[in-house]
Amino acid sequence: MVKICCIGAGYVGGPTMAVIAWKCPSVEVVVVDISVSRIAAWNSDQLPIYEPGLDEVVKQCRGKNLFFSADIEKHVSEADIIFVSVNTPTKTQGLGAGKAADLTYWESAARMIADVSKSSKIVVEKSTVPVKTAEAIEKILTHNSRGIKYQILSNPEFLAEGTAIQDLFNPERVLIGGRETPDGQKAIQALKDVYAQWVPEDRIISTNLWSAELSKLAANAFLAQRISSVNAMSALCEATGADVSQVSHAVGMDTRIGPKFLNASVGFGGSCFQKDILNLVYICECNGLPQVANYWKQVIKINDYQKNRFVNRLVSSMFNTVSGKKIAILGFAFKKDTGDTRETPAIDVCKGLLGDKACLSIYDPQVTEDQIQRDLSMNKFNWDHPIHLQPISPSSVKQVSVVWDAYEATKDAHGVCILTEWDEFKTLDYQRIFDNMQKPAFVFDGRNIVNVDKLREIGFIVYSMGKPLDPWLKDMPAVA
Ligand SMILES: NC(=O)C1=CN([C@@H]2O[C@H](COP(=O)(O)OP(=O)(O)OC[C@H]3O[C@@H](n4cnc5c(N)ncnc54)[C@H](O)[C@@H]3O)[C@@H](O)[C@H]2O)C=CC1
Ligand SMILES: O=C(O)[C@H]1O[C@H](OP(=O)(O)OP(=O)(O)OC[C@H]2O[C@@H](n3ccc(=O)[nH]c3=O)[C@H](O)[C@@H]2O)[C@H](O)[C@@H](O)[C@@H]1O
């Protein structure tokens, strides 16, 4: 029986291994983590992450060929294939701070593998890492090998949160990079054999190590670039009276461009887009390519501009002050169908409004009060570390209350901000919300999910990203 061990029981390690276990009953899969509480949660009825369809897959396999354990060394030493899916956050200090990937967790995992291994291993990079990381890992392993052979593979993950199980069941491609040596090719084949249990062979592609590592950074950069492109257009739409949804539709009908990933928004979030682009920028700079670095930097700059623009629109349309005003925040997760708040645009928008002394009442169906308070009091980049190593939230932010109902959040509010596109926000009783708000009542839709005409009929002043402006907003001072 092939034994797989995955180091890192997070958003990638957990679902990916659960699906491998489900699809490969003859493989034993153990997921290990330094966070004991996370492992306990994986072994309970309340999984540590919310992902549609995940519960069922875990329940079917757990205890049969899928295990979650904090006994890292035992399971690493017994495994044939070791996936490493640990955090690779942006460095906060020292060389490359604010850009380079922090490989501390990766390196400590690699050293531990070298310490405990007694047989040959295939070590698979599942985390997103800088190009050439495999070389560094190879050096750590071989310099400490005591005669044991290691093959390093790069097998980046392309799943998106909220659709992870669907993406893993039916991936558009599985990418495996390895050494172009006979041993390297043998290792690629061994991993191919696992995926081939359910992925059609033509979708499993193999490349050299560096192409696989770079393809992952490139894919995320291209995706984020699309969003920044459409968001840049949204600003121009507002200035000219064009409607960004109509522009996206018309542009996306060109099959060379395609219709997906062209929704204007308050900005992209999530744990990876910004981190991976910063990482790419750093790699370009280190390779003497400042023009290329600057090109990709713009994707992040437009994203920051979009979040600022949203806050400025809000404040300027509410008589240039939100001091002491209740603002309802609907949605805090970085996208729907996840409870993940890493780099969610809601953090920047909320901090912007708090900076103008607003009182926020926040509702998200999947995010806890504790998480929101932590996010609003934590420094940038401190969030992407193992939970037990994160700073303890100093004190809760006083002007923030977290409620469990959209109607409660909006009661007596001056304005409503929609920051996550949860389906339930599309079907709220907006007449009821209007009746219970201060007047004039504002809606700022950062996800373009409400029916603008209907809301205006009710009496709301509505701002929707990239849509023709409400006459009220046209008269307000120009914004950034
Ligand atoms: N979240 C996502 O949708 C995707 C993430 N990725 C990449 O996958 C990697 C992991 O991301 P997530 O799963 O989202 O992070 P995560 O934070 O949810 O999970 C990482 C886990 O690794 C554990 N860990 C850290 N160091 C460890 C060590 N030395 N030994 C054992 N466990 C250790 C942490 O306690 C944590 O539970 C990152 O490189 C990310 O860029 C790639 C594709 C999608
Ligand atoms: O490396 C990763 O972590 C993953 O990053 C993204 O997945 P994810 O961040 O989970 O979610 P996306 O659906 O890509 O959304 C990212 C952000 O962009 C925003 N977005 C997305 C699409 C769009 O048209 N407009 C838009 O603003 C979303 O609301 C969200 O805030 C990629 O889609 C995955 O392929 C990749 O594996």
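Coordinate-derived values only; no laboratory data. Just so it is clear, the structure is predicted and the values come from calculations on it, not from any experiment. A quick note on method: Cβ atoms are made from the backbone with ideal geometry, for glycine too, and the neighbour counts reach across all protein chains shown.
Run the numbers on the chain and let me know its relative contact order in percent, using alpha-carbon pairs under 8 Å that are six or more apart.
13
In the chain, which whole DSSP H runs stretch at least 30 Å along their own axis (Cα) and average -1.0 or higher on the Kyte-Doolittle scale?
Span-like helices, by this rule, are 209-240, 290-317.
Multiply the residue separation of residue 407 and residue 287 by 0.36 nm, subtract the distance between their alpha-carbon atoms, and state the gained length in nm to one decimal.
Length gained between residue 407 and residue 287: 37.9 nm.
Hey, for a label at residue 436 modelled as a point 7 Å past Cα toward Cβ, could you say which residues of the stretch 339-372 have their backbone N under 17 Å away?
360-365
Which whole-Hz couplings ³J(HN,Hα) result when phi for each residue of the stretch 153-166 is put into the Karplus expression 6.51 cos²θ - 1.76 cosθ + 1.60, θ = phi - 60°, listed in order with x for Gly and Pro?
10, 10, 9, x, 9, 10, 5, 10, 5, x, 10, 4, 5, 4
With each label point set 7 Å from Cα along the Cα-Cβ vector, what nm distance links residue 385 and residue 71?
3.0
Order these peptides, 212-221, 334-343, by their mean beta-carbon neighbour count within 10 angstrom, highest first.
Top to bottom by mean Cβ count within 10 Å: 334-343, 212-221.
Need the full-extension length gain, residue 298 to residue 210, defined as separation in residues times 0.36 nm minus the C-alpha distance. One decimal, nm.
Full extension of this stretch gives 29.2 nm more.
If you average the alpha carbon positions of the stretch 317-391 and of the stretch 253-275, how far apart do those two centres end up, in angstrom?
With the stretch 317-391 and the stretch 253-275 each reduced to a Cα centre, they are spaced 22 Å.
Do you know the relative contact order of the stretch 59-123, to the nearest whole percent, from alpha carbon pairs under 8 angstrom that are 6+ apart?
About 39 percent, as a whole number.
Taking the Cα-to-Cβ direction at residue 92 and at residue 369 and moving 7 Å from each Cα, how far apart do the two end points lie in nm?
2.6
Would you mind ranking 91, 126, 411, 301 so that the residue whose beta carbon has the fewest other beta carbons within 10 Å leads the list?
So the residues, fewest neighbours to most, are 301, 411, 91, 126.
Nearest 500 deg cm²/dmol is fine: what mean residue ellipticity at 222 nm does the chain get from its DSSP H runs of n ≥ 4 alone, each adding -39,500 (n - 2.57), divided by its residue count?
Computed mean residue ellipticity for the chain: -13000 deg cm²/dmol.
Hey, with R₀ at 56 Å, roughly what FRET efficiency would residue 62 and residue 472 work out to, going by the Cβ-Cβ distance, to 0.05?
About 0.55, to the nearest 0.05.
Hey, with R₀ at 60 Å, roughly what FRET efficiency would residue 120 and residue 255 work out to, going by the Cβ-Cβ distance, to 0.05?
0.80
Using 0.36 nm per residue of separation minus the Cα-Cα distance, give me the extension gain between residue 78 and residue 108 in nm, one decimal.
Contour length minus Cα-Cα distance gives 9.0 nm.
Shape verdict for the stretch 22-169, please, from the Cα gyration tensor: rounded (a/c under 1.5), prolate (a/b greater than b/c) or oblate.
The shape class here is oblate.
Could you tell me which of rounded, prolate or oblate describes the chain, using a ≥ b ≥ c as the square roots of the eigenvalues of the alpha-carbon gyration tensor, with rounded for a/c under 1.5 and, failing that, prolate when a/b is larger than b/c and oblate otherwise?
prolate
Please check which bits of the stretch 207-248 a label hung off residue 189 would reach, taking the label as a point 7 Å along Cα-to-C-beta and the cut-off as backbone N under 20 Å.
Once the point is set 7 Å along Cα→Cβ of residue 189, 207-209 turn out to lie under 20 Å by backbone N, inside the stretch 207-248.
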